[in-house]
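Written below as structure tokens is the structure these notes are about.
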Amino acid sequence: MNRPELFLQKIRQQLIVRFQLQNLDDGEFEGFSDIAMKILQILATAENEGISASSILQRIHQINPSTPDMDTINIFDVEEVLENWFEFLQMHQVNHEIRYSLYHPNFRNWLRKKVDL
């Protein structure tokens, strides 16, 4: 895939995420995969210092220890979802580890109310 195709693919992904988040205003989560919903729930409850992709994966496996569809999730799946949501996330490094948090506490609080916790 050449650079223009990659750029267009990234734009498409961003538009899909924006559309999905706009649907949250109505309390609907159509279009979100199970893993995306789990990550969204974890990010909505994460503290201000953020959470790493590996910690997100670990929490998914702790919350859903015997769920077959969650057993197959790996770090690359988590990172793919985070990459698609990069415009809504802040990334910072703590002890050589990248941590992710939602870009604003008010946004996190709004999502916390929308996501079934």
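Details
- Between Ser52 and Tyr100, the built amide H atoms are under 5 Å apart, and every one of these is 5 or more places off in sequence or on another chain.
- Working note: Karplus 6.51/-1.76/1.60 with θ = phi - 60° gives the range 33-38 the couplings 6, 4, 5, 4, 5, 4 Hz, where Gly and Pro are set to x.
- Proximity of backbone amide H atoms, modeled 1.01 Å from N, is registered between Asn64 and no other residue at under 5 Å, excluding neighbours fewer than 5 places apart on the same chain.
- Whole-Hz couplings from phi, Karplus 6.51/-1.76/1.60, listed for the range 91-103; x for Gly and Pro: 10, 8, 9, 10, 6, 6, 10, 7, 10, 10, 8, 5, 5
- Distant-in-sequence amide H partners of Gln90 (H built 1.01 Å from N, under 5 Å): Ser101, Leu102, Tyr103
Rule-based calculations on the coordinates, nothing more; no lab input. Note that the coordinates shown come from a computational prediction; the quantities given were computed from them, not determined experimentally.
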